[in-house]
Amino acid sequence: KPALPAPSDDLLTEISAMALSYYDLDEWWNKAASIVETIGETDVKPLLAALTHPPPTPVSENICDWILKFQIATAMVISRLSDDWVGSKRRDALLSMLNGPVDWIVSAAALVLSEVAQRQPECLQEIREELSELVRFVAKREQFFCYAWYVMDNTLRLPGLSPAVAQIIQQWRDLPEG
């Protein structure tokens, strides 16, 4: 039995419309805030449920691309639930997603958290530490992680990144693929 029931069709429709739109980070950031206003959602649980209950793949989309885009859009909506960070549901949800099982949801969390850190400087230190820890974890492993590129690239976007973490990312990026 799923941990959370499927979210409402209205919520899925709003997030789907965003996920189907042309990806532009600033536009999606604003659309996510608009979705929060439209649905009047303040509870993170339906949004977390949406991550694992995506609607059927539109005919125009590849299933893998669709699920990732939908999860990124959903994570973006979670990030716009409030402006509060310390002790907030959005903080707990996004960090839980980042540190969850090996899944595309980690990719979505890495992208969105790096954007939150840049738009809300009071969040930067904690997010930089969390992403840096995940960079070190990924770099130590000799296995594939579907989220690795998202974590590495989005960590590099953060101001004040330690030279040691930047070097780990560069060394990881220089590894031969395969």
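The values are calculated or read from the model by the stated rules, or taken from the named source; none is laboratory data. Computed from a predicted structure; not experimentally measured. Here the Cβ is made from the backbone with ideal geometry for all residues, glycine too, and neighbour counts use every protein chain on show. In case anyone asks, the SASA skips ligands and DNA or RNA and just uses the protein heavy atoms, side chains included. Shrake-Rupley method; radii C 1.70, N 1.55, O 1.52, S 1.80 Å.
Name the single residue that is surrounded by the fewest Cβ atoms within 10 Å (Cβ to Cβ) among those in region 127-158 being of a type outside the set (A, V, I, L, M) and farther than 24 Å from Ala93 by Cβ.
Of everything passing the filter in region 127-158, Glu142 is surrounded by the fewest Cβ atoms within 10 Å (Cβ to Cβ).
Is it the case, given these coordinates, that Ile35 is more than 21 Å from Asn154 (Cβ to Cβ) and out of contact with any helix residue (DSSP H, G or I) (no Cβ under 9 Å at 6 or more places or on another chain)?
For Ile35, the condition - more than 21 Å from Asn154 (Cβ to Cβ) and out of contact with any helix residue (DSSP H, G or I) (no Cβ under 9 Å at 6 or more places or on another chain) - is not met.
Being assigned to a helix (DSSP H, G or I), under 21 Å from Leu113 (Cβ atoms) and either modelled with pLDDT under 95 or among the charged types (D, E, K, R) (or both) is the filter here; which residues of region 1-33 pass it?
Listed by number, the residues that qualify are Asp26, Glu27, Lys31.
Just wondering, is there one or more residues in region 73-89 that are assigned to a helix (DSSP H, G or I), open to solvent by 60 Å² or more (accessible area, probe 1.4 Å) and closer than 22 Å to Gln125 by Cα?
Yes, the conditions are met somewhere in region 73-89.
Report every pair of residues separated by at least 6 positions or lying on different chains whose Cβ atoms are under 9 Å apart, first residue within region 98-114 and under 14 Å from Val77 (Cα atoms) and open to solvent by 20 Å² or more (accessible area, probe 1.4 Å), second among the β-branched types (Val, Ile, Thr) and at pLDDT below 95.
Final answer for the pair search is Ile105/Thr52.
Among the residues of region 15-52, what is the count of those that are touching a residue at least 60 places away in the same chain (Cβ under 8 Å) and touching an Asp or Glu at 6+ places or on another chain (Cβ under 9 Å)?
2
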